[in-house]
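What follows is a short report on a single structure.
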Amino acid sequence: MGGVLGIDIGGSGIKGAPVDLKTGKLLAERFRIPTPAGAAPEDVAEVVAEIAHHFEELGSGKGPIGVTFPGVVRGGVTLSAANVDKRWIGIDADQLFTRAVGRPVTLLNDADAAGLGEARYGAGKDAHGVVMMLTFGTGIGSALINSGVLVPNTELGHLQLGGREVEPWASERARELEDLSWKAWSKRANAYLEHLEMLFSPDLFIIGGGISKKPEKWQPLLQIKTPIVPATLQNEAGIVGAALMASEKRG
């Protein structure tokens, strides 16, 4: 089977698959296990090991593994834990997973992984310069890629705009909770994107998350200077980006 294994840790499920890094395509059907209740480090590591061993049995090899994490990751150490056990804060998660799996593991932020996947193989594969991916879902994730190089842990959903944090105001969850029309939500998203244009002058915005499946609802309503496209890899983006990062880090 070959390929590099990418594993995506989510709030409800942990899923993985081997990736062909020439094409960005999955080489096998994703294998998913529910995220353990509480998402304690040792329990999540056990699930990651189970997914790795599943693909070893199918012949995916013994190479490096990329793993995403829903929080800030610096040098393999997890520095935040918004929706997982607080014991993640400050631990060397690279080493935790490497010991559990018995193979080299590279950890990165989940939005960063999705952005890498989209920039290399998805909606941004032909783009040049600064590409910014934003995922609108329960929150707002961000990834910034400059000429193919990731600037990690941007966390731009936490920016302040008009005296408020953007994430609980302009996320897909906010649209649903407040029962906003697409026009009303797009007005908020447009203000946020204009602010990001002013700060970063990107060459392309890629919009991911749940709304990326319905671009006809919001794309015509946005009035910004920067080209904007919906993500194309959908739920595979994190797996693909994680595998890519593991391969490039480990060489």
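The values are calculated or read from the model by the stated rules, or taken from the named source; none is laboratory data. Note that this is a predicted model, so its numbers are computed, not measured. All Cβ positions, glycine included, derive from the backbone under ideal geometry; neighbour counts span all protein chains shown. The accessibility values were calculated without ligands, DNA or RNA, using every heavy atom of the protein model including side chains. Shrake-Rupley method; radii C 1.70, N 1.55, O 1.52, S 1.80 Å.
Just a few scattered comments:
- Whole-percent P(r), region 96-158, all Cα pairs, 10 Å bins from 0: 22, 44, 25, 9.
- Straight-line reach from Lys213: taking Cα to Cα under 15 Å and skipping same-chain neighbours fewer than 8 places apart, the aspartates and glutamates in range are Glu118, Glu172, Glu236.
- Angle in degrees between helix 41-57 and the longest Cα principal axis of the chain, rounded to the nearest 10: 70 degrees
- Computed per residue of the chain from DSSP H runs no shorter than four, each worth -39500 (n - 2.57), the mean residue ellipticity at 222 nm is -10000 deg cm²/dmol.
- This model, with +1 at the C-beta of Lys and Arg and -1 at the C-beta of Asp and Glu, gives region 115-232 a dipole about its Cα centre of some 220 debye.
- Accessible carbon and sulfur surface of region 121-251 relative to its total accessible area, %, 1.4 Å: 50 percent
- All alpha carbon pair distances within region 122-173 were sorted into 10 Å bins beginning at 0; the resulting P(r) in whole percents reads 25, 45, 27, 4.
- The angle between the Cα long axis of helix 110-121 and the main principal axis of the chain comes to about 90°, on a 0 to 90 degree scale.
- For the chain, average projected area of the Cα convex hull in nm²: 12.8 nm²
- Full extension of the chain segment joining Asn190 with Asp126 gains 20.6 nm, where the gain is 0.36 nm per residue of separation less the Cα-Cα distance.
- Sorted from longest to shortest, the spans of the Cα atoms of region 122-251 along the three principal axes equal 47, 28, 25 Å.
- Dipole magnitude for the chain: computed about the Cα centre from +1 point charges on Lys and Arg Cβ and -1 point charges on Asp and Glu Cβ, it is near 360 debye.
- Each residue, Asn83 and Val149, gets one label point 7 Å from its Cα in the Cβ direction; the gap between the two is 3.1 nm.
- Selected from Leu221, Leu199, Phe136, residue furthest toward positive end of dipole (the chain; charges at beta carbon): Leu221
- Highest mobility in the GNM of the chain, judged by mean-square fluctuation with C-alpha springs under 10 Å and restricted to Leu204, Leu233, Leu221, is found for Leu221.
- Figure legend: label point modelled 7 angstrom from the Cα of Ile91 along Cα→Cβ; no residues of region 1-18 have amide N under 14 Å from it.
- Computed from Cα atoms, the angle from the helix 237-250 axis to the main principal axis of the chain rounds to 60 degrees.
- Selection among Gly10, Ala40, Leu27 by position relative to the dipole of region 1-58 gives Leu27 as farthest towards the positive end (Cβ unit charges, Cα centre).
- Size of charge dipole - region 52-99 - debye, nearest 20, with Cβ of Lys, Arg +1 and Asp, Glu -1, no other charges: 180 debye
- Its residues counted as N, region 20-133 yields a C-alpha radius of gyration over 2.2 N^0.38 Å of 1.13.
- Solvent-accessible area per residue for region 44-160 (1.4 angstrom probe, square angstrom): 40 Å²
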